[in-house]
Amino acid sequence: MTQAEPDFFVLEYVTITKDARSGLVVAIGGTEQAAGILQRTGGFLSAAGPRGDYHRLPHGLPIEQQRLKATTASHALLAAGHSVHLDPALNMLTTPDGEREAALRYLTQLAERASAAETSTAVAEVLTEIAAPVHGLLPLTREVILRAWIAASDLQGTASGEELEPIAWLGSTATSLNEAARVILRARNHAVCPTQPSATAPAPVSAQSPASRLR
């Protein structure tokens, strides 16, 4: 006897995440009922996209407001029977030190991968994680320092309008990190495509006196 598949009363999947390009918190998927919950409990706005309508939070909301509204909306959707994926970075109910612990584990894993590397490609992969132009550890750290420098300069400027010397050093540190990332990327490229020595070395040029070169 053929057994029939069970019926599942789970409404269409909803994803709530932060768009990396625009920085907006968006909700994609769901039914009209889900749209109403997003608007009513989270303050989401309806918007037309190239692949259909979606919802987003208003522009200019502080990060904590984004997290609060996204978390509130996701729990209201879950309570109504919808299946929801909420970006962990937007979840206010996560452990406060969870992201820091995850970052520390990530750095430890990178160190272990570097120690265990048996090929140049494996080394290059670790270096890429450190210095990749957009999402590498050094460029991201540089971005943090750069923003801290700007904020500190605005808050602690001297009466004459000149920066305090330790604050100015933050700007120099950001520049140094940028240069360090370029050096690491050059090493990464060399590890992937090491320079092959030429088969025949060029003959040495004999030293000549200035007089003999004029003949």
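The values are calculated or read from the model by the stated rules, or taken from the named source; none is laboratory data. Everything numeric here is computed off the predicted structure, so don't read it as measured data. No Cβ is skipped: glycine too gets one built from the backbone with ideal geometry, and neighbour counts run over all protein chains shown. Just so you know, the surface numbers come from the protein's heavy atoms only, side chains and all, with ligands and any DNA or RNA stripped out. Shrake-Rupley method; radii C 1.70, N 1.55, O 1.52, S 1.80 Å.
The table that follows gives values for the structure above.
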item: Residue within region 57-68 that is in contact with a Lys or Arg (Cβ under 7 Å, 6 or more places away or on another chain) and within 30 Å of GLU32 (Cβ to Cβ) present; result: yes
item: Positions within region 62-93 being without any contact (Cβ under 8 Å) to a residue 40 or more places away in the chain, open to solvent by 40 Å² or more (accessible area, probe 1.4 Å) and of a type in the set (A, V, I, L, M, F, W, C), in sequence order; result: ILE63, LEU68, LEU78, ALA79, MET92, LEU93
item: Selection count, region 119-134, where residues are of a type outside the set (Val, Ile, Thr) and closer than 11 Å to ALA187 by Cβ; result: 4
